[in-house]
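The values are calculated or read from the model by the stated rules, or taken from the named source; none is laboratory data. Since the structure is predicted, the reported quantities are computational estimates derived from the model, not experimental observations. Backbone-built Cβ (ideal geometry, glycine too); neighbour counts: all protein chains shown. The protein model used for the area step is the full one, side chains on, heavy atoms only, and it has no ligands, DNA or RNA in it. Shrake-Rupley method; radii C 1.70, N 1.55, O 1.52, S 1.80 Å.
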Amino acid sequence: MSLKTCETIIEKLKDTNFEDELSFCDKASLYLLHGCLNTVYHVNSDEISSVLLKISSLIDFATEKLHAYPYKDVPLCWRRLYTDASIVKSLCEIFIALRTEKEKESWKNIVKTLDMALVMTGAPGNGRKEMIFHLIKEVENTIKNIEENNRESNNITESLTKRRIDDNERENDFEKRIKLENTNLPTIKFPIPKLSSPSLATFTSHVNTLSPKPIILTSCLSHWPALSTNPWADFDYLLSVTGKERIVPVEIGAKYTDNSWTQKLMNFEEFVEKWIKNPTNDGDIAYLAQHDLFAQIPRLKEDIIIPDYCFVDTKPYFISCNHVQYTPPSDVIINAWFGPQGTISPMHTDPYHNLLAQIVGNKYIRLYAPSETSKVYPFEQDGFLGNTSQVEIETPDLERFPLFASANYLDCVLEPGDMLYIPVS
């Protein structure tokens, strides 16, 4: 990690026009942000701790503002303030680590500071994401160098022997996991039809019919690196490309309709090691979902290829039984879901055409047409769960929801390499 990198970031931040989105913040916050930015590089080792304390307090204040609104309604100024303050805080932490020769844990905390800005705000502002990505890359390189230096001081023969043992254990664990998943798959009663690598014209025609039906598209993903050269089934590869220290928001609980469901921020290594590789957490399940992982960690996106089917010209229309107006999004929306066996997504609707690509493991899916809405008992439309059914498909309460027994559905088990088209619902 070089001081030159930090100097460049500071100069870019100083070029900020404080009359833009940030001007809607209170003057005291702007004064404090500006003061910390102007002094962070010039103070001595003792004074840098004072700057760090001030900027951390500003982040706490911005956090309160973020939590005062539903996420989609948070004013841009508070997201900007949190982002810029987090970058300044990371610079303080870098200067302290460089001047005091702090070890790996201190550098990991810097990654957390920067990741929190990405997770909490999306890092709005001119060039902010690029600054954060650049700093994270530099810090990760520093961590890697520290680990390599530590490794060289250990007994090499012992290290190689342990690695061979670990490789064998990893292969055995993977084989056991796949076998376990395959033995617990439900029986398919009303199968979703399959179509092998349809032409773009065929798919476009299907999507734009009056009431398009779900289909499984096969032989469409074999060229993805995530399924071939960079296999996501290898969790150690995922850890290496994602970064063990990266902070991600994880849902704890089998499904988000449970009263015990909660969310937690943790580093990616903890999520994989504790919740994916060794899921022995008193029945709890952790699920990385509802988060734009590819925006936070762009290098993961290099392992997938957006299917051409995502770019078909879809038409706006109205689903009368659900009172849903479909308007095509301006761009392709990409999300990732990552969880262990037993993860459940409650029955819900989505306001877009969806293509669900399965990369690792198998996933049972059941789909109900919009015409079956009254039989699946959705929550009140104006509530947080307005797009979600009250019925638990695994153990339906037919006394409370008697019509559910007659609801028609289609189902399937998605396997690695399959892609399911799900119409707007």
Test result for Leu210, assigned to a loop (DSSP other than H, G, I, E, B), assigned by the TED database to the domain that holds Asn354 and either touching a Phe, Trp or Tyr at 6+ places or on another chain (Cβ under 9 Å) or not hydrophobic (A, V, I, L, M, F, W, C) (or both): yes
Kindly evaluate Glu21 against the criterion of being touching a residue at least 60 places away in the same chain (Cβ under 8 Å) and farther than 22 Å from Asn109 by Cβ. yes
Keeping to the range 338-388, report how many residues are hydrophobic (A, V, I, L, M, F, W, C) and free of Cβ contacts under 8 Å to residues at least 24 places away in the same chain. 2
Anything in the range 31-47 that is in contact (Cβ under 8 Å) with a residue 12 or more places away in the chain and under 15 Å from Ala85 (Cα atoms)? List them, or say none. Leu32, Leu33, His34, Gly35, Cys36, Leu37, Asn38, Thr39, Val40, Tyr41
Report, by residue number, each residue of the range 354-372 that is open to solvent by less than 80 Å² (accessible area, probe 1.4 Å) and under 20 Å from Lys189 (Cα atoms). Asn362, Lys363, Tyr364, Ile365, Arg366, Leu367, Tyr368, Ala369, Pro370, Glu372
Kindly check whether there is at least one residue in the range 223-231 that is touching a residue at least 40 places away in the same chain (Cβ under 8 Å), open to solvent by 60 Å² or more (accessible area, probe 1.4 Å) and in contact with a helix residue (DSSP H, G or I) (Cβ under 9 Å, 6 or more places away or on another chain). no
Being in contact with a Leu (Cβ under 7 Å, 6 or more places away or on another chain) and surrounded by fewer than 17 Cβ atoms within 10 Å (Cβ to Cβ) is the filter here; which residues of the range 373-383 pass it? Ser374, Phe379
Working carefully through the options Ser86, Ser49, Ser90, find the one that is of a type outside the set (Phe, Trp, Tyr) and open to solvent by 60 Å² or more (accessible area, probe 1.4 Å). Ser49
Within the range 1-41, can you find the residues that are assigned to a loop (DSSP other than H, G, I, E, B) and among the β-branched types (Val, Ile, Thr)? Thr16, Val40
Among Glu64, Glu47, which is the only one that is more than 25 Å from Ser106 (Cα to Cα) and not hydroxyl-bearing (Ser, Thr, Tyr)? Glu64
Filter the range 384-425 for residues that are among the aromatic types (Phe, Trp, Tyr) and surrounded by fewer than 19 Cβ atoms within 10 Å (Cβ to Cβ); the one that is nearest to Tyr364 (Cα to Cα) is Tyr409
Report yes if some residue within the range 64-77 is assigned to a helix (DSSP H, G or I), surrounded by 13 or more Cβ atoms within 10 Å (Cβ to Cβ) and either among the aromatic types (Phe, Trp, Tyr) or modelled with pLDDT under 90 (or both); otherwise report no. no
From Pro351, Pro328, Pro340, residue being modelled with pLDDT under 90, open to solvent by less than 60 Å² (accessible area, probe 1.4 Å) and farther than 28 Å from Leu227 by Cα: Pro328
Output the residues belonging to the range 9-59 that are modelled with pLDDT of 85 or more and aromatic (Phe, Trp, Tyr). Phe24, Tyr31
Looking at the range 277-297, is at least one residue in a helix (DSSP H, G or I), surrounded by 15 or more Cβ atoms within 10 Å (Cβ to Cβ), within 21 Å of the chain's Cα centre (by Cα) and among the basic types (Lys, Arg)? yes
